[in-house]
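Participant: My questions will all concern the structure given below.
The values are calculated or read from the model by the stated rules, or taken from the named source; none is laboratory data. Everything numeric here is computed off the predicted structure, so don't read it as measured data. Methodologically, a virtual Cβ is constructed for each residue, glycine included, from the backbone with ideal geometry; neighbour enumeration extends over all protein chains shown. Note: areas computed on protein heavy atoms with side chains; ligands, DNA, RNA excluded. Shrake-Rupley method; radii C 1.70, N 1.55, O 1.52, S 1.80 Å.
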Amino acid sequence: MRLNEKRRSSGLAGSVPVLAALLVAGATSAGTAQDSGVQPDFGTIDVIAGGEDSARQLGSDCEGWISLDEPDHSVSTGESLTVAAFSSEDTVLVVRTPAGGFLCDDDGGAGDNPEVFIAASDAGSYDIWVGSYNEYMQVPASLELFPTPAELPGSREPDILLQGEFDPYEARFEIGGRYMATNLNGRVCEGFVSGDGPEFAFGLQQDAEPVSILIGAHGGNVDTTLVVRSPSGSWTCNDDFTGKDPLISIRQPENGTYLVWIGAYDLDDVGRQARLSVSTGTADQAVPMPESDFPGPAQATGFLVSGAGHVLSNHHVIEGCGALTVRRQGQGEVEAEVIASNDSADLALLRIGADGALPHATFRGGLPARLGEEIAILGFPGDAEHGPTFTTGVVSSLSGFDGNLQDFQHNAETGYGSSGSPIIDRSGNVIGVVTGSLSNGYRESDPVNVNYGIRGQIAQVFLKLNNVPYSQARPGSDREWVGIAEDAQAFTAIVYCYM
């Protein structure tokens with residue numbers, strides 16, 4: 001038998017949950033809405049999608065079921081506008097124009113989440129229905145309206161200057177935004193890029209014999225889109241050269257500044273990270289990047305222990321990482337800094353940017369884990385797109401692997417990616433941190449459900465030594481697991497390790 005640590009292997013990060021895409025996009029303030037010509041009811045609106053009436057009864061070309069009693073929302077605008085619907089279920093979007101015609105989408109660029117673009121030339125009042133693709137199914141959904149200019153705005157000073165036959169350049173960026181690439185001067189290219197400006201710019205200075213330029217993006221398991229504006233203002237867009245990886249080849253590049261947007265093919269992936277490469281060469285010379293060259297991140301779990309953004313996880317989670325990011329439920333990936341790490345205790349302390357008001361865990365004080373007490377774990381094993389996993393069990397031994405007294409043993413099921421998860425008692429307080437499980441040594445996929453956690457007292461000492469203020473509470477009365485799980489989702493996060 002052997003101890004098996006629970007950081008998930010690289011290349012399996014998967015997509016972001018639908019909820020993450022909803023909150024990453026966010027809502028625009030009423031003031032901004034009025035400045036762009038849209039009424040103050042512009043932004044994000046919660047609706048119930050679905051009904052008993054076919055969308056085709058309105059004369060639309062989309063499949064789906066809506067309620068004909070009244071539209072879910074109405075808006076007046078004189079500017080270009082994107083209307084999008086988000087839900088965990090498959091939805092349909094129907095928009096009635098001021099002229100009485102219909103715009104609809106039942107299968108947009110964000111998978112099950114449809115989008116409709118309203119052109120500035122069609123000013124007036126629009127009625128909007130959000131339907132369910134499945135008959136008689138009614139589900140919660142979010143309707144989002146945001147201005148969409150006819151052309152991507154933005155300028156940027158060059159980040160680098162490339163001259164002659166330069167060495168390949170590589171960098172990592174957070175991808176995507178709410179601007180649909182399909183609106184870009186009629187370019188047939190799917191994806192969502194930032195409307196605030198490009199992620200990257202490079203200056204080019206070559207001799208009389210210009211060398212062809214190759215621009216590529218790779219997001220591991222994330223499908224990406226590239227948009228490039230040349231120094232003279234021409235646009236190029238690509239969303240699919242080698243599977244999920246776009247590539248743009250410029251055979252006779254002009255000298256000057258090139259602006260580069262790196263987008264997400266699906267809105268669900270906005271906020272994820274991808275690598276950009278700029279090199280000499282042409283598309284017919286390009287060799288698809290193997291996954292090993294740009295591996296997706298390894299995935300594990302951590303949880304907030306202070307409102308100031310301190311995140312607790314395991315040493316083995318952050319060991320060997322070239323970069324670390326943290327994604328909270330409903331938020332985008334943010335860079336994380338390693339504050340401290342202790343190999344013998346298998347604990348690591350990270351910090352993300354915060355305003356001092358983030359939800360965070362409370363540790364149990366005065367009473368260590370007890371043999372036979374009920375516990376629960378909330379973490380991110382498996383594919384992150386399915387959200388967190390909540391499992392329950394009991395404390396089965398007061399010592400860890402090979403008699404280690406820093407740890408205790410439990411039988412709440414864990415999986416790869418569970419490392420760093422909080423172990424929670426029936427009062428909702430943290431009494432430990434997941435560190436690993438026992439494998440039978442033949443196949444790691446054959447579990448024996450013998451799992452280990454670092455004692456909460458050890459974790460608290462670690463935080464004290466690093467001057468981290470944390471919350472502590474005495475054991476209280478038992479609570480329902482449902483409420484405990486809801487609270488834990490607010491302070492638990494995914495930790496991504498980029499090698």
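Participant: Accessible area per residue, 1.4 Å probe, Å², for the stretch 340-499: what's the number?
Facilitator: 43 Å²
Participant: Leaving out ligands and nucleic acids, and using a 1.4 Å probe, what accessible area per residue does the stretch 194-282 come to in Å²?
Facilitator: 32 Å²
Participant: As a test question: what accessible area, to the nearest 10 Å², does residue 182 have when a 1.4 Å probe is rolled over all protein chains in place?
Facilitator: 60 Å²
Participant: Across the Cα atoms of the stretch 68-107, what radius of gyration and what greatest pairwise Cα-Cα distance (Dmax) are found, in Å?
Facilitator: 11.3, 32
Participant: Tell me the carbon and sulfur percent of the accessible area for the stretch 320-393, rounded to whole percent, probe radius 1.4 Å.
Facilitator: Here it works out to 45 percent.
Participant: Still on this structure, please answer the following. If you roll a 1.4 angstrom probe over the protein chains with everything in place, what fraction of the accessible area of the stretch 170-220 belongs to carbon and sulfur, to the nearest %?
Facilitator: Heavy-atom surface of the stretch 170-220 belonging to carbon and sulfur, 1.4 Å probe: 40 percent.
Participant: Length gain on complete extension for the stretch residue 151 to residue 117, per 0.36 nm per residue less the alpha carbon to alpha carbon distance?
Facilitator: Here the segment from residue 151 to residue 117 would lengthen by 10.9 nm.
Participant: 7 Å from Cα along Cα→Cβ at both residue 344 and residue 486: what's the point-to-point distance in nm?
Facilitator: Distance between the two pseudo-spin positions: 4.3 nm.
Participant: Continuing with the same structure: Taking the Cα centre of each part, how many Å lie between the stretch 249-275 and the stretch 383-439?
Facilitator: Answer, in whole Å: 41.
Participant: Let me ask something else. In whole Å, largest first, what are the principal axis extents of the Cα atoms in the stretch 327-397?
Facilitator: Extents along the principal axes, in whole Å: 38, 30, 26.
Participant: Quick one: length gained pulling residue 371 to residue 170 fully straight, 0.36 nm per residue minus the C-alpha distance?
Facilitator: 67.2 nm
Participant: Here's a follow-up. Quick query: amide H of residue 365 versus all other amide H atoms, modeled in the peptide plane; which residues come in under 5 Å with a sequence gap of 5 or more or a different chain?
Facilitator: Amide H neighbours of residue 365, under 5 Å, 5+ apart: 473, 474.
Participant: Tell me, in nm to one decimal, what length is gained between residue 160 and residue 138 on full extension, where the rule is 0.36 nm per residue of separation less the Cα-Cα distance?
Facilitator: 2.8 nm
Participant: Translational diffusion coefficient, Stokes-Einstein: compute it for the stretch 212-254 using the Kirkwood radius over C-alpha pairs as Rh, at 37 °C and 0.692 mPa s, and state it as an integer in µm² s⁻¹.
Facilitator: For the chosen part, D equals 303 µm²/s.
Participant: Mind grabbing the accessible area of residue 477 for me, 1.4 Å probe, Å², rounded to tens?
Facilitator: 90 Å²
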